[in-house]
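K.L.:
Here it is, the structure in full.
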Amino acid sequence: MDLVEVADIPRSTYYYWEKRLDQADKYEAVKEAIKIIYHEHKGRYGYRRIAKELQKYGFIHDPKTINRLMNEMGLKCEVRIKKYRSYKGNLGKIAPNVLQRNFKAEKMNQKWVTDVTEFHLFGEKRYLSPVLDLCNGEIIAYKVMNRPVYQLVGDMLDEAVQRLQPGDEVILHSDQGWHYQMKKYQQTLQAHQITQSMSRKGNCLDNAVISLAS
């Protein structure tokens, strides 16, 4: 007896799926490259970064396609990033918003921005504190720690000021997080003639450029 009749499905449907199953997976080579990149970076790359890396292998695909393929393969980025909410009220001096969303700089060491980002790596929390120069988008200093203590920001700032040259007049912009209200932080800025600038309370767009970068 014909299996198609037993299954009670149209012959056209049967032949369609038979043809599909006989076809080679056109993404087979791409999937293999995805696997290599994923494991090479220990699961830290998401589909967007993998899509960029694939270009080195000669594979040009929309990130959405790579996301779909990764889902089919059961590959998920092990790093989850979110904005760290460091605001704890007015614990110290709040600086005015000197930067005023003017994110363009004509030269290095003119405008810096900083922030703290929380991310999860293989189930463990980590905190990233970078300083970005708005002239060319370069991260000039950063620190990573497993706790958001003051040292995270303090050590980062100590590293950043090593980039200063005689005559530099820098604006360093941040949110109103408690780290940036600390007397020790503000004294370091003053010692290096750095003008402190802060976003307005509850307005993430005032510091959006570093949030997107980190």
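K.L.:
Would you mind checking the pairs 143/201; 35/143; 31/125; 35/64; 93/201; 107/201 and listing those with alpha carbons more than 20 angstrom apart? Could the numbers behind the result be given before it?
P.N.:
Values: 143/201 25 Å; 35/143 30 Å; 31/125 30 Å; 35/64 17 Å; 93/201 13 Å; 107/201 28 Å.
Check vs 20 Å cut-off fails for 143/201; 35/143; 31/125; 107/201.
K.L.:
Right, here's the next one. Evaluate the distance, in nm, between pseudo-label points positioned 7 Å from the Cα of residue 67 and of residue 125 along their respective Cα→Cβ axes.
P.N.:
2.7
K.L.:
Sticking with this structure for a sec: Need the full-extension length gain, residue 36 to residue 118, defined as separation in residues times 0.36 nm minus the C-alpha distance. One decimal, nm. Could you put the intermediate results ahead of the total?
P.N.:
On the way: separation 82, 0.36 × 82 = 29.52 nm, distance 2.72 nm.
Here the answer is 26.8 nm.
K.L.:
Excluding residue 195 itself, calculate the net charge of residues whose Cβ lies under 12 Å from the Cβ of residue 195, where each Lys or Arg counts +1 and each Asp or Glu counts -1. List each step's numbers first, then the result.
P.N.:
Values: positive: 111; negative: 168, 169.
Net local charge, residue 195 excluded: -1.
Since every read-out is calculated from the coordinates, none of them should be taken as a lab result. Fair warning: this is a prediction, and the values are worked out from it, not measured in the lab. Virtual Cβ from ideal backbone geometry, glycine too; neighbours counted across all protein chains shown.
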